[in-house]
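Let me begin by presenting the structure, written as structure tokens, before commenting on it.
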Amino acid sequence: MERPVRVVIAEDSVLLREGLTRLLTDRGYEVVAGVGDGDALVRTVDELAAREELPDVVVADVRMPPTHTDEGVRAAVLLRGRHPELGVLVLSQYVEEQYATELLAASSRGVGYLLKDRVADVREFVEAVGRVAGGGTALDPEVVAQLLGRSRKQDALAGLTPREREVLGLMAEGRTNSAIAGELVVSAGAVEKHISNIFLKLGLPQSDADHRRVLAVLRYLES
């Protein structure tokens, strides 16, 4: 049998931390540690890595003690620099563009940014944790809407059609081709054609398809 996905949870609210632990454990995940601040998160992951027990993914609140500003996302970016294979999923009460962009710029794979309200959709949240642990992306639709709305003002992506921008937005959320096809009510072949056009227009050469998807999203957000 495959081993369960190993998770470290960083959340200063004990109630929410225990709730996330129970939620994930009940669905076959292994929560190996729970901490309440950014320093403890970095220390815990580094200690696990030293024992060759690096978790698959960290789920961290953006704001944690002592200042409740950006400790969580700072710790996440630091850990990705030290352990590139570590998946990072951050949770935020509100859309904070600066933090989302910073996290995405530091990570090309295995990254997610969700609003805490999204945790209420248990299936969606659990799938997001698994997707990030496996090297994929999981961006909240509201985060994508704000970031891509800002990007539309730039000229670098002027060559994309409205439909291609729509497809790229869904790619940013971590949707698969089949999920995009279902959302837009088009064929899978049409989605593949749109994505190929996006890669071509953004100057992304043939390589690992999943990696190019993330690079396309980053190019969009950074433009």
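Table for the structure above
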item	result
From the options Tyr99, Tyr94, Tyr113, residue that is of a type in the set (Phe, Trp, Tyr), modelled with pLDDT of 85 or more and either surrounded by fewer than 24 Cβ atoms within 10 Å (Cβ to Cβ) or within 23 Å of Glu127 (Cβ to Cβ) (or both)	Tyr113
Flag for Val126 being surrounded by 16 or more Cβ atoms within 10 Å (Cβ to Cβ), out of contact with any Pro (no Cβ under 7 Å at 6 or more places or on another chain) and modelled with pLDDT of 90 or more	yes
Filter pass, Gly135 being at pLDDT 85 or above and either part of a loop (DSSP other than H, G, I, E, B) or on the phi > 0 side of the Ramachandran plot (or both)	yes
Residue within region 85-96 that is among the hydroxyl-bearing types (Ser, Thr, Tyr) and closer than 16 Å to Val111 by Cβ present	yes
Region 30-66, residues that are surrounded by 21 or more Cβ atoms within 10 Å (Cβ to Cβ) and in contact (Cβ under 8 Å) with a residue 40 or more places away in the chain	Val45, Pro55, Asp56, Val57, Val58, Val59, Ala60, Asp61, Met64
Scope region 1-27; condition closer than 14 Å to Phe125 by Cβ and not acidic (Asp, Glu); matching residues	Val5, Val7, Ile9, Leu16, Gly19, Leu20, Thr21, Arg22, Leu23, Leu24, Thr25, Arg27
Residues of region 164-206 satisfying the condition of being surrounded by 13 or more Cβ atoms within 10 Å (Cβ to Cβ) and not in a helix (DSSP H, G or I)	Glu173, Gly174, Arg175, Thr176, Val186, Leu202, Leu204
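The values are calculated or read from the model by the stated rules, or taken from the named source; none is laboratory data. Everything numeric here is computed off the predicted structure, so don't read it as measured data. As a convention, Cβ positions derive from the backbone with ideal geometry for all residues, glycine included, and neighbour counts pool all protein chains shown.
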